[in-house]
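Below is one structure, written out as structure tokens; comments come after it.
Laboratory data are not the source of any read-out in this text; all were calculated from the coordinates shown. This is a predicted model, so every value here is computed, not measured. All Cβ positions, glycine included, derive from the backbone under ideal geometry; neighbour counts span all protein chains shown.
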Amino acid sequence: MKTFVAGIDAGGTSVRLRWKDLASGTKEQVSLPAAPDGGPEPALELLHQVPGEVVALTAGITKVSRGETKAAWERALGAACPAAVVSVVPDFVVAFHGALPEGIGLLCVAGTGSVIYGESGRGKSVRVGGRGWEYGDEGSGAYLTAELMRRTLRACDGLWPHTPLTQAVCATLETDDPALVGERGRQRALVFGRGFLVQLVAVSAQNGDDEAKGLFTGAAGWLARYVRAAHAQLDFPDGERVHVACVGGMWELGNWMYPAFEILLARWLPGVATIAPQGTPCEGALHLAERSGL
């Protein structure tokens with residue numbers, strides 16, 4: 001029977017499975033929409049397509065800090081692949097190993113949420129941030145949207161004048177009544193996600209709006225601070241060149257955050273440089289599976 005190693009990237013929208021034939025080295029990848037509750041069912045369906053026995057499997061999932069979620073994935077994958085060494089890790093860990101396959105450096109994730117994760121290559125790892133939209137996720141789409149909603153509500157309440165950007169928010173929500181602004185913002189967050197104003201800010205920045213540009217600069221500042229904190233905890237030797245890979249939708253909107261982010265890193269961490277991600281999270285999961293199966 002053919003044997004395989006496999007990696008899973010289980011995001012909020014889709015679940016991807018990548019496998020490698022240990023004899024031939026051939027790799028294939030398949031995907032399905034994610035389950036509404038983030039459960040392992042799509043991954044189990046995808047595993048049926050592997051044409052042989054899986055001997056090592058790593059899955060990167062969201063909400064891994066919720067013990068019942070990780071346990072449910074471990075039970076399901078263990079039952080589906082009884083001969084496999086199974087590992088379930090946070091999604092940012094597989095993203096790190098996809099972006100930085102050598103396993104040394106820092107990953108700066110900024111999408112709807114944000115998190116910094118790094119490994120020293122000497123057995124030490126660290127996670128900074130990513131504490132959820134309620135109390136953290138600075139530098140993310142949720143953070144940027146919440147900050148702009150606060151400014152809009154203050155303007156609607158008469159604390160200070162409206163700006164073109166807060167007026168654009170009111171136009172989007174079709175009201176300047178502060179009670180309705182807040183309620184319609186909550187409704188949109190439920191339907192479109194907590195970063196529902198990010199595209200509006202990006203378009204405004206593209207059109208030259210200084211406040212919109214400033215929001216991106218502020219987001220970049222928070223992310224750079226988190227990178228600095230993670231770098232300090234990893235105890236990289238003085239003078240060691242350390243790479244930071246930036247992934248997530250906030251980085252893909254245009255060049256709104258990179259200039260401020262790189263200026264701050266150059267000031268605080270002269271040995272750190274940003275690089276483009278080298279691979280995908282699914283490739284990172286497969287890489288970790290290969291290592292665990294050795």
For the range 59-162, size of Cβ-based charge dipole, Lys and Arg +1, Asp and Glu -1, in debye
140 debye
At a 10 Å Cβ-Cβ cut-off, how would you order HIS48, HIS162, fewest neighbours first?
HIS48, HIS162
Taking the DSSP beta bridges in the chain as the whole, what percent of them are antiparallel, to the nearest 5?
50 percent
Distance in nm between label sites at ALA83 and GLU28, each 7 Å beyond Cα in the beta-carbon direction?
1.7 nm
C-alpha long axis of helix 141-156 to longest principal axis of the chain, angle in °:
20 degrees
On C-alpha positions alone, give me the angle between the axis of helix 210-234 and the longest principal axis of the chain, in degrees, nearest 10.
40 degrees
Charge dipole magnitude, Cβ of K and R +1, D and E -1 - the range 102-277, Cα centre, debye nearest 20:
320 debye
Roughly how tilted is helix 164-173, in degrees to the nearest 10 and between 0 and 90, from the longest Cα axis of the chain?
70 degrees
Helix-derived mean residue ellipticity, 222 nm - over the chain, DSSP H n ≥ 4, -39500 (n - 2.57), to 500
-13500 deg cm²/dmol
How large is the charge dipole for the chain, taken about the Cα centre, if only the Cβ atoms of Lys, Arg (+1) and Asp, Glu (-1) carry charge, to the nearest 20 debye?
420 debye
No solvent, one uniform scatterer per C-alpha: report log10 I(q)/I(0) for the range 158-201 via the Debye equation at q = 0.13, 0.22, 0.25, 0.26 1/Å, two decimals.
-0.27, -0.76, -0.95, -1.00
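Among LYS124, LYS70, LYS20, rank each residue by its count of other Cβ atoms within 10 Å, from fewest to most, as a rough exposure measure. Numbers along the way, then the final one.
Details: LYS124 12, LYS70 17, LYS20 21.
With the fewest neighbours first, LYS124, LYS70, LYS20 line up as LYS124, LYS70, LYS20.
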For the range 102-277, the charge dipole (Cβ of Lys, Arg +1; Cβ of Asp, Glu -1; about the Cα centre) points to a positive end, and the Cα of TRP160, LEU173, PHE196 closest to that extreme belongs to PHE196
Bridge type composition, the range 102-277 - antiparallel percent by DSSP, nearest 5
55 percent
At 25 °C and 0.890 mPa s, grab the translational diffusion coefficient of the chain from Stokes-Einstein with a Kirkwood Rh over Cα pairs, rounded to a whole number in µm² per second.
120 µm²/s
Arrange SER24, SER125 by Cβ neighbour counts within 10 Å, fewest through most, would you?
SER24, SER125
